[in-house]
Amino acid sequence: DTAVSQTPKYLVTQMGNDKSIKCEQNLGHDTMYWYKQDSKKFLKIMFSYNNKELIINETVPNRFSPKSPDKAHLNLHINSLELGDSAVYFCASSQGTGVLGSPLHFGNGTRLTVT
Amino acid sequence: SQQGEEDPQALSIQEGENATMNCSYKTSINNLQWYRQNSGRGLVHLILIRSNEREKHSGRLRVTLDTSKKSSSLLITASRAADTASYFCATVGANAGGTSYGKLTFGQGTILTVHP
């Protein structure tokens, strides 16, 4: 069974559209994350939720809105997509927050291409 | 700015050789972690070392941490073709109120290629 699953795996869309990426984890973890990996493989944290509460919100355009309906799910909605949003988006989860040193479990990513 | 930086950016070796990757960081850390990423896949956690530890082992992996130099190294012994992947170090900042506090911040990785 996949521990952290994201859908879709690939997403091709045009500028200006709105799209969502879904993430679910079945590990029983209480913390979930969204990371963005650019073409140079640089991974940058975007958001983190602990027990459905937003605890990390990096300098991300407000076109990006995360939603955590419960501890096992963290979705990412993106409005008015731009070319620069093209990247691979990774969902991850951990038991406890980063301060506790819990390792992250990653999904396999969603490759977003904006044309 | 990025917390961790790996060196070298790319490493190419023959099967059976050892591979050493280095990571440097800028601020005080709570812990440092190494991850592997195979092409087209998510990152997989390899090993975690806390700021009060100097060395850890896990199978063919050996990680060292030198907090005075703000650096870490990952050694993979007796490499295999299946070890071909990108390897990332990631740090959790220790200074409450600092920009990296409580966050796992990644470097840009070392691309390791092991030739059979």
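The values are calculated or read from the model by the stated rules, or taken from the named source; none is laboratory data. Remember, predicted model here, so these are calculated numbers, not experimental data. Virtual Cβ from ideal backbone geometry, glycine too; neighbours counted across all protein chains shown. Side chains included, ligands, DNA and RNA excluded: accessible areas come from the protein's heavy atoms. Shrake-Rupley method; radii C 1.70, N 1.55, O 1.52, S 1.80 Å.
More than 13 Å from the chain's Cα centre (by Cα), within 25 Å of A:VAL88 (Cβ to Cβ) and either away from chain A (no Cβ under 11 Å) or open to solvent by 50 Å² or more (accessible area, probe 1.4 Å) (or both): which single residue out of B:ALA78, B:ALA82 fits that description? Give the derivation first.
Working: B:ALA78 fails: within 25 Å of A:VAL88 (Cβ to Cβ).
Going through B:ALA78, B:ALA82 in turn, just one is more than 13 Å from the chain's Cα centre (by Cα), within 25 Å of A:VAL88 (Cβ to Cβ) and either away from chain A (no Cβ under 11 Å) or open to solvent by 50 Å² or more (accessible area, probe 1.4 Å) (or both): B:ALA82.
Listed here are the residues, each with its yes/no results for (1) in a loop (DSSP other than H, G, I, E, B); (2) away from every other protein chain (no Cβ under 13 Å); (3) under 17 Å from B:GLU6 (Cα atoms).
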position: B:ASN31; (1), (2), (3): no, no, yes
position: B:ARG36; (1), (2), (3): no, no, yes
position: B:GLY40; (1), (2), (3): yes, no, no
position: B:LEU46; (1), (2), (3): no, no, yes
position: B:ILE49; (1), (2), (3): no, no, yes
position: B:ASN52; (1), (2), (3): yes, no, no
position: B:ARG62; (1), (2), (3): no, yes, yes
position: B:LEU74; (1), (2), (3): no, yes, yes
position: B:THR105; (1), (2), (3): no, no, yes
Taking the stretch B:1-53 as the region of interest, how many residues are free of Cβ contacts under 8 Å to residues at least 12 places away in the same chain, under 18 Å from B:THR91 (Cβ atoms) and in contact with a strand residue (DSSP E or B) (Cβ under 6 Å, 6 or more places away or on another chain)? 1
Some residue of the stretch B:28-39 being of a type in the set (D, E, K, R) and under 30 Å from A:LEU112 (Cα atoms): yes
Per the list (1) open to solvent by less than 70 Å² (accessible area, probe 1.4 Å); (2) under 24 Å from A:CYS23 (Cβ atoms); (3) without any contact (Cβ under 8 Å) to a residue 60 or more places away in the chain, residue check on B:SER58 breaks on (2)
Could you count how many residues in the stretch A:1-37 are assigned to a loop (DSSP other than H, G, I, E, B) and among the hydroxyl-bearing types (Ser, Thr, Tyr)? 1
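Does A:GLN25 satisfy being within 14 Å of chain B (Cβ to nearest Cβ), surrounded by 13 or more Cβ atoms within 10 Å (Cβ to Cβ) and within 18 Å of A:THR113 (Cβ to Cβ)?
Numbers: within 14 Å of chain B (Cβ to nearest Cβ): yes; surrounded by 13 or more Cβ atoms within 10 Å (Cβ to Cβ): yes; within 18 Å of A:THR113 (Cβ to Cβ): no.
The answer is no for A:GLN25.
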Among the residues of the stretch B:14-21, are any among the small types (Gly, Ala, Ser) and within 27 Å of A:VAL88 (Cα to Cα)? no
Within the stretch B:20-28, is even one residue more than 14 Å from chain A (Cβ to nearest Cβ), at pLDDT 95 or above and surrounded by fewer than 14 Cβ atoms within 10 Å (Cβ to Cβ)? no
Count of residues meeting criterion [modelled with pLDDT under 95 and either farther than 15 Å from B:THR110 by Cα or part of a strand (DSSP E or B) (or both)] in the stretch B:4-19: 3
Which of the residues that make up the stretch A:38-63 are in contact with a strand residue (DSSP E or B) (Cβ under 7 Å, 6 or more places away or on another chain) and part of a loop (DSSP other than H, G, I, E, B)? A:ASP38, A:LYS41, A:LYS52, A:GLU58, A:VAL60, A:ARG63
Over the stretch A:64-115, the set of residues open to solvent by 50 Å² or more (accessible area, probe 1.4 Å), at the interface with another protein chain (Cβ under 9 Å from one of its Cβ atoms) and part of a loop (DSSP other than H, G, I, E, B) is A:ASN108
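Among the candidates A:MET32, A:MET15, single out the residue that is more than 21 Å from B:GLN108 (Cβ to Cβ), open to solvent by 70 Å² or more (accessible area, probe 1.4 Å) and among the aliphatic types (A, V, I, L, M). Reasoning before the result, please.
Details: A:MET32 fails: open to solvent by 70 Å² or more (accessible area, probe 1.4 Å).
Step by step, each of A:MET32, A:MET15 is checked, and only A:MET15 is more than 21 Å from B:GLN108 (Cβ to Cβ), open to solvent by 70 Å² or more (accessible area, probe 1.4 Å) and among the aliphatic types (A, V, I, L, M).
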